[in-house]
Structure formats: C-alpha cells, structure tokens
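> This is the structure I have questions about; it appears just below.
Coordinate-derived values only; no laboratory data. Remember, predicted model here, so these are calculated numbers, not experimental data. Positions of Cβ are generated from backbone atoms using ideal geometry, with glycine treated the same way; all protein chains shown enter the neighbour counts.
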Amino acid sequence: MKLDFANHHLKKLRPWIVENAVEFEWRYFKERFEAKLVTVDATSQWLEAALDKYPDKPPANVYNSALIDMLIDGELVCNPANQQLIPETFRMDLSRLSSYHNEFQDLSIMATLLMLFKQVCGKAVVGHLTSVVDATLWTLLNHAETTMAHVATQLAADAGKLRARDMTAAEVAALNRLVDSTLTFDHPLFMLLQKRVTAELAFYLDSSGKLSADDSLARHGLLDIKEELSELGRKIKVLTDHNRSTYRQLYDAIIEDWRITKKAASANAGAPPSAA
C-alpha cells in the first residue's frame, strides 16, 4: 500500500520534475564546481578538440559531431579505466553512452551483414530484404548469447528461402568465412559502413531529427536499417537536447575562450618580429 501511494505521487510529480530537471542539474553541477569538487578540464578539452577538428561548422553542429565522435569511441565510453577522460558534463550519462555505443556497433554490423546478404541472394532479394531479414537480424544482434555463427546460419536459411533453393554446404561455409573476415574492426567494408552510420547520426542531429532522403540512404547501404537508425538517432537527440540545455552557459564560455585564444594566436602569427 505504501509503495502504491509513493508511486502515485511520483507519477503526479513527474511532469514537474521533468520541467525543472535542467535547472536542478545545472545548479547541482555549479555548486560542486564552486566547491572544487569537480572541474571542467575534460569538458574543455573535448569541446576545444572538436572546434579544432570542425572549424567550418557552426557551434551547434560542432557540439553534435563532438558528441557522436565520443559515443562511437568504445574504448572511451565502455572502459571504466577511461572515465576521467569523459567530459564532466556527461558523467551522469555514462550508462547511456555505453548503451548507445553498443547500438551503434550493432547497426554497423547489421548494415554490413545485409550488404553481404544481398551479394549472396542477388536480384532475388530485391523488395523482400527488410520484411524477411531485418527484424530477425536485429533481434539476434540484441541477444547477449548470439554468436556470428548463429547469425551466419540465419542468413543462410533466409537466403535459401529467397532463392527458393537451400544453400549448399560449400556455400554456407563460404558465407561463414565471409562473415568472419568482414566483421573485423579493420576490414574496409565494415569501416566504411561505420563511417556512414556515424555521418548519418551526426546528420540526424544537425537536421533536428531527420535522416537523409531514402535515395541517399540506399546509395550508402543504410536504407534497410532506416528504422533502427532513426530510433537510435532519436534517443541520442533526447540526450543531446537535455545536455545542451543544461550546460549551455558552460559550453558558450568554452567556445568564446577558444575563439579569443585563436584570434590572439592568429594576430601574433601575423605580427612583425620585435627588434632585438
């Protein structure tokens, strides 16, 4: 009864809590900073590095690209030993960053597998790929006990259905070798699709929640994962919108300091040498 009563009040309070979350989080962070319990060193380094990397982008898009670059870095967001390298403004969101990184990896793997699947099936797959394979693959990739052998077996079974003839033992073995060799972090195809997924997620944030047109997604091998890509983009956008609203004052100050430093460095570089 007491738990039901508490849950009832939490539901009533939730809209108010959500509405004031930005103010509360910023106040808490500011108080900790003023008490010297937290610094902004990692945050400054993270944002300044992005400003140097993307000098031609507007600040809002620099922030988006910086967030995506951080999120796709598994060694950074998934390794507890590197927690101090995470911007202080994101340390309350470490579990989300790790989860979104894993989804990013799954999407990259899925896009690669679907491209391999098309090669195996040829023209027979046209018009049927998403409905037959997409959902099954996504379910497998999100299951903790799934191995690449399971995935290859499923691909072989689906390919047989679409071709109206089962794959031979030799074809299945070849598919297994193809999957194993392609899904390595240094394989050109896998790296290419990772870059395309990364670029599309950044585009989603820059475009206020819109993916590229279908013809563009198709050219880049991403149309078949459009739904999953959009869902991950939506979740990342919720995080970035809240984070940017909460720490806007800090980010604006870091950007302004960066501009002043760059302007001074440029002026000094163009100044004549002083007389000895």
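> Order these peptides, 236-242, 44-50, by their mean beta-carbon neighbour count within 10 angstrom, highest first.
44-50, 236-242
> Suppose the chain between Asp241 and Asp180 were pulled fully straight at 0.36 nm per residue; how much longer would it get relative to their current alpha carbon spacing?
18.1 nm
> Then there is this: Using only alpha carbon pairs under 8 Å that are at least six residues apart, calculate the relative contact order of the chain and give it in whole percent.
Value for the chain: 22 percent.
> Please work out the FRET efficiency for the pair Asp56 and Asp215, using the Cβ-Cβ distance as r and a Förster radius of 35 Å; give the result to the nearest 0.05.
E between Asp56 and Asp215, to the nearest 0.05, is 0.85.
> Within region 37-63, list the residues whose amide N lies under 20 Å from a label point set 7 Å along Cα→Cβ of Arg259.
In region 37-63, the label zone of Arg259 (backbone N under 20 Å from the point 7 Å along Cα→Cβ) covers 44-63.
> Run the numbers for Arg27 and Arg91: contour at 0.36 nm per residue of separation, minus the present Cα-Cα distance, in nm.
Here the answer is 21.5 nm.
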